[in-house]
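Q: Before anything else, here's the structure in question.
The values are calculated or read from the model by the stated rules, or taken from the named source; none is laboratory data. The model shown is predicted, which means the values in this text are computed figures rather than measured ones. Here the Cβ is made from the backbone with ideal geometry for all residues, glycine too, and neighbour counts use every protein chain on show. When the accessible area is computed, the model is the full protein with side chains, heavy atoms only, and any ligands, DNA or RNA have been set aside. Shrake-Rupley method; radii C 1.70, N 1.55, O 1.52, S 1.80 Å.
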Amino acid sequence: GMDRGPYAGPVGWTDADGNGEWGIALRGAVVESPTRARLYAGCGIVEASTPEAELAETWAKFRPMMEALGLAR
């Protein structure tokens, strides 16, 4: 029940000769106002996942974006 916005959208380029490279945006941010940004990061949760490890991995994915915004934890 969440509007995913640009999360998991294709990101890349193609030129007139058909050359290019595409990927999936599994991490990103939407700046909603001068003081608010919504960060997104994908998770690969499987049956053997543990909540603690998933949380640590998610913070690791968010860290570069948070540092770029001056919000390092």
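Q: Tell me which residues, restricted to the range 33-68, are touching a strand residue (DSSP E or B) at 6+ places or on another chain (Cβ under 6 Å) and assigned to a strand (DSSP E or B).
A: Answer for the range 33-68, where residues must be touching a strand residue (DSSP E or B) at 6+ places or on another chain (Cβ under 6 Å) and assigned to a strand (DSSP E or B): ALA37, ARG38, LEU39, TYR40, ALA41.
Q: Hey, any hits in the range 12-30 for a residue that's in a helix (DSSP H, G or I), aliphatic (A, V, I, L, M) and surrounded by 10 or more Cβ atoms within 10 Å (Cβ to Cβ)?
A: Of the range 12-30, the ones in a helix (DSSP H, G or I) are none.
No, the conditions are met nowhere in the range 12-30.
Q: A further question on this structure: I'm trying to understand the selection: among the residues of the range 38-73, which are open to solvent by less than 80 Å² (accessible area, probe 1.4 Å), over 18 Å from GLY9 (Cα atoms) and of a type in the set (Gly, Ala, Ser)?
A: Scanning the range 38-73 gives SER49, ALA53, ALA56, ALA60, GLY70, ALA72.
Q: Counting only residues that are under 17 Å from ALA68 (Cβ atoms) and either of a type in the set (Asp, Glu) or touching a Gly at 6+ places or on another chain (Cβ under 9 Å) (or both), how many does the range 12-47 have?
A: So the count comes out to 10.
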